[in-house]
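Undergrad: Shown below is the structure under consideration.
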Amino acid sequence: MGICDICKSTANKKNIEGILPSELLEKTNLSYMEKYIYKINGTTIGSGFFCEIEFNNKKIPVLITNYHVIDDEFLEKYKYIKVDIKNGFHMININKDRKLYSSTKDKYDIMIVKISKDDVNIINYLQIDSNIYKTDSLSKYENEDLYLLHYPNSKSAHISYGKGIKQIGEYDIKHKCNTDVGSSGAPILSSSTNKVIGIHKGYINNKSETYNIGTFLKYPLDELNKKLIDDSKNNYIVAELCIKEEDINRDIRILNSYEEHMRENLLEFNLKEEYMNEKDIDKCRIKINEETIPFTYYHKFKAKGNYIIKYSFMNYLTKTNQMFSGCSSLGYINLSNFNSENVTNMREMFSGCSSLMHVDLSNFNTKNVTDMEGVFSYCSSLKNLGLSNFLTQNVIIMNSMFEECSSLVNIDLDNFNTENVTEMICMFFNCSSLTCLNLSNFNTKNVINMNGMFLGCSSLKDLDIHNFNTENVNSMYHMFGGCSSLININISSFRTRNVNTMIGMFSGCSSLISLDLSHFNTENLCFMRDMFSGCSSLKNLNLSNFNTRNVFCLCNIFNGCSSLKIENIISTDLRIFQAFKSFHFHFH
């Protein structure tokens, strides 16, 4: 693992290389050696420093060193570096997800890794000289006194003095500060501002001369700035909040885990009246794991009586579970520019968004998602949902996906790939406004549980699921319960050899007139209580292949089947007729 150490030795003139004028000695403040330069044992031995870069008026704390000191392979392998501080040491997170920018040694040879502000509060950081961004800024430093803070030979911290820098080639600058092994990644500072202008990266030894080279920080920071702008365009959320006057103080709560080593944490920001002014924007900063999100764009304004909020994440999310859960005032969400290619967990993402009328997921990339449980559950105002672009080939769990979407009339599932799904429990539970449902492309070969899958779909009139493969299903508890408008149902492909419970499977299907279950294999069935309870229109029932010898109780299986006559039941199982006679006796 890479280790950063702060030199504990006290600075003195023996540490100073080159000729350091007395006035420069006074300006440079040798306490830098203890406070601001860090020894790094990464891919190779080197130096590094912490500073802040600015983007959209926000400061982002970073670690900067050479790419050949900390490279991508190192970030893949290690998550932390250890920094010695006055009272011990501190572990600083530098894993791959925190990388903001890198350039290999054939160009800028630089690695920039974002660190948390909590880390910066414990260590110390230098400042970037803003003059580097000015036109022809390089010429300003050609004759200026400069100095280098570094760990030559990985020993005590040193200050090396040199005069001026000069552009050589396309990417390099030449400087005269003395260096040695371990100096790679050291900051080059201006004596007039005591701020960083460049980073040392090596030396050139040719026939005519030997000299040190570095990178003028303006060039990689310009590229980083462009990258952050591009990221902000490709990854933002727009949410239109239909906030009533009494809900002004309502919180939006977002659960998110955007780094592997961090547990899921609650984000909160209050939509309070006094925060609605542009000048008070900083009061509304969101925090993840106690770290302020480095927003690339955050703006809000009034429109049509609703509040519009735009914000973005520089770190692409891997989990959006419960992201908008419980946001009951949300009326509209536009995720058309949200980069979701790394998202694996969408569980309950919009759950409880009871005012949500429209959500734009037209460009949402779900190719890596494995969990969609409850993603739209309790979105009781949604009427239409277009999911034709959803890639679901890796999804395993679809439990309660549309549960309690009671206003949903149309839902496009034509392109759903369900070949890896194992659970569909209550998938459409209480979608009471759905009148039709096309599931012809559903592949259910791996599904083991269909409990309550269509329970409460009281407006559904026709359901064709002849393509369903149910060979591995072990439970069909209340699968079609409460489908009170269902007239036609095609379940001719059902294979039920492994099903052990059919409790209430068709209970409340009060519009069903005929039901052919002659293909059902019930040899492992243990529970079928209330199976046809409430099927008040049922006149014909084919149970010719039913075997109930392992069923514990046939209680109430015909309760409420007021139109069914015993001569219209086809079965060879005596217990079936006994159960019917028991109901008929009590009914009369």
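Undergrad: Report, ordered by the first and then the second residue, all pairs with beta carbons closer than 7 Å, sequence separation of six or more or different chains, a first member in the stretch 533-559 that is of a type in the set (D, E, K, R), and a second member that is buried (at least 21 other Cβ atoms within 10 Å of the Cβ).
TA: Close Cβ pairs satisfying both conditions: 539/564.
Undergrad: Kindly indicate whether residue 149 is within 20 Å of residue 44 (Cα to Cα) and either in contact (Cβ under 8 Å) with a residue 40 or more places away in the chain or β-branched (Val, Ile, Thr) (or both).
TA: Values: within 20 Å of residue 44 (Cα to Cα): yes; either in contact (Cβ under 8 Å) with a residue 40 or more places away in the chain or β-branched (Val, Ile, Thr) (or both): yes.
Here the answer is yes, as residue 149 does meet what is asked.
Undergrad: Check 519, 466, 478 and return the single one that is touching a residue at least 12 places away in the same chain (Cβ under 8 Å) and on the phi > 0 side of the Ramachandran plot. Write out each step before concluding.
TA: Values: 519 fails: on the phi > 0 side of the Ramachandran plot; 466 fails: on the phi > 0 side of the Ramachandran plot.
From the options 519, 466, 478, the qualifying one is 478.
Undergrad: Failed condition for residue 224, given (1) part of a strand (DSSP E or B); (2) under 26 Å from residue 61 (Cβ atoms), with all others met?
TA: Failing condition for residue 224: (1).
Undergrad: I want to confirm something. Restricting to the stretch 55-74 and keeping residues that are free of Cβ contacts under 8 Å to residues at least 60 places away in the same chain and in a strand (DSSP E or B), which single residue is farthest from residue 213 (Cα to Cα)?
TA: In the first step, residues of the stretch 55-74 are kept if they are free of Cβ contacts under 8 Å to residues at least 60 places away in the same chain; the result is 57, 59, 62-63, 67, 71-73.
Still in the list and also in a strand (DSSP E or B): 59, 62-63.
Working: 59: 28, 62: 22, 63: 20 Å.
The qualifying residue farthest from residue 213 (Cα to Cα) is 59.
Undergrad: Condition check: in contact with a strand residue (DSSP E or B) (Cβ under 6 Å, 6 or more places away or on another chain) and crowded, with 20+ Cβ neighbours inside 10 Å. Does residue 359 satisfy that? Spell out how you get there, then give the answer.
TA: On the way: in contact with a strand residue (DSSP E or B) (Cβ under 6 Å, 6 or more places away or on another chain): yes; crowded, with 20+ Cβ neighbours inside 10 Å: yes.
Taking the combined requirement at face value, the residue satisfies it.
Undergrad: Looking only at the stretch 454-482, filter to residues that are closer than 26 Å to residue 407 by Cβ and polar (S, T, N, Q); which one of those is surrounded by the fewest Cβ atoms within 10 Å (Cβ to Cβ)?
TA: Selected residue: 459.
Undergrad: Restricting to the stretch 201-218, name every residue that is part of a strand (DSSP E or B), loosely packed, with under 10 Cβ neighbours inside 10 Å and among the hydroxyl-bearing types (Ser, Thr, Tyr). Before the answer, list the steps.
TA: Residues of the stretch 201-218 that are part of a strand (DSSP E or B), as a first pass: 201-205, 210-216.
Within this subset, residues satisfying the condition of being loosely packed, with under 10 Cβ neighbours inside 10 Å are 205, 210.
Answer for the stretch 201-218, where residues must be part of a strand (DSSP E or B), loosely packed, with under 10 Cβ neighbours inside 10 Å and among the hydroxyl-bearing types (Ser, Thr, Tyr): just 210.
Undergrad: Could you tell me which of the residues 415, 451, 410 is within 21 Å of residue 373 (Cβ to Cβ), surrounded by fewer than 16 Cβ atoms within 10 Å (Cβ to Cβ) and either of a type outside the set (Val, Ile, Thr) or in contact with a Ser or Thr (Cβ under 6 Å, 6 or more places away or on another chain) (or both)?
TA: Details: 451 fails: surrounded by fewer than 16 Cβ atoms within 10 Å (Cβ to Cβ); 410 fails: within 21 Å of residue 373 (Cβ to Cβ).
Answer to the selection: 415.
Here's the yes/no breakdown for (1) surrounded by fewer than 23 Cβ atoms within 10 Å (Cβ to Cβ); (2) modelled with pLDDT of 90 or more; (3) assigned to a loop (DSSP other than H, G, I, E, B):
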| position | (1), (2), (3) |
| --- | --- |
| 349 | no, no, yes |
| 355 | yes, no, yes |
| 374 | no, yes, yes |
| 379 | no, yes, yes |
| 388 | yes, no, yes |
| 391 | yes, yes, yes |
| 394 | yes, yes, yes |
| 400 | no, yes, yes |
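Undergrad: To continue, here is another question. Within the stretch 546-577, restricting attention to residues that are over 13 Å from residue 529 (Cα atoms) and aliphatic (A, V, I, L, M), which residue is surrounded by the most Cβ atoms within 10 Å (Cβ to Cβ)?
TA: 564
Undergrad: Every residue in the stretch 175-200 that is part of a strand (DSSP E or B) and under 15 Å from residue 138 (Cα atoms), please.
TA: Start the filter on the stretch 175-200 by keeping residues that are part of a strand (DSSP E or B), which leaves 175, 187-190, 196-200.
Within the stretch 175-200, 175, 188, 189, 190, 196, 197, 198, 199 qualify.
Undergrad: Which numbered condition trips up residue 159, out of (1) of a type outside the set (D, E, K, R); (2) at pLDDT 85 or above; (3) crowded, with 20+ Cβ neighbours inside 10 Å; (4) not in a loop (DSSP other than H, G, I, E, B)?
TA: Against the list (1) of a type outside the set (D, E, K, R); (2) at pLDDT 85 or above; (3) crowded, with 20+ Cβ neighbours inside 10 Å; (4) not in a loop (DSSP other than H, G, I, E, B), residue 159 comes up short only on (2).
Undergrad: Which residues, counting only those in the stretch 118-134, are of a type in the set (A, V, I, L, M, F, W, C), at pLDDT 80 or above and assigned to a helix (DSSP H, G or I)?
TA: As a first pass, look at the stretch 118-134 and keep what is of a type in the set (A, V, I, L, M, F, W, C): 120, 122-123, 126, 128, 132.
Going one step further and asking which of them are at pLDDT 80 or above, we end up with 126, 128, 132.
Once the filter is applied, which keeps residues that are of a type in the set (A, V, I, L, M, F, W, C), at pLDDT 80 or above and assigned to a helix (DSSP H, G or I), the stretch 118-134 yields only 132.
Undergrad: Taking the stretch 357-372 as the region of interest, how many residues are in a loop (DSSP other than H, G, I, E, B), among the hydrophobic types (A, V, I, L, M, F, W, C) and out of contact with any Lys or Arg (no Cβ under 9 Å at 6 or more places or on another chain)? Let's see the steps before the verdict.
TA: Just the residues of the stretch 357-372 that are in a loop (DSSP other than H, G, I, E, B), to begin with: 357, 361-370, 372.
Still in the running and among the hydrophobic types (A, V, I, L, M, F, W, C): 357, 361, 364, 369, 372.
Within this subset, residues satisfying the condition of being out of contact with any Lys or Arg (no Cβ under 9 Å at 6 or more places or on another chain) are 361, 364, 369.
The qualifying residues number 3.
The values are calculated or read from the model by the stated rules, or taken from the named source; none is laboratory data. Computed from a predicted model, the values in this text were never measured in an experiment. Heads up, the Cβs are rebuilt from the backbone with ideal geometry, glycines too, and the neighbour counts pull from every protein chain shown.
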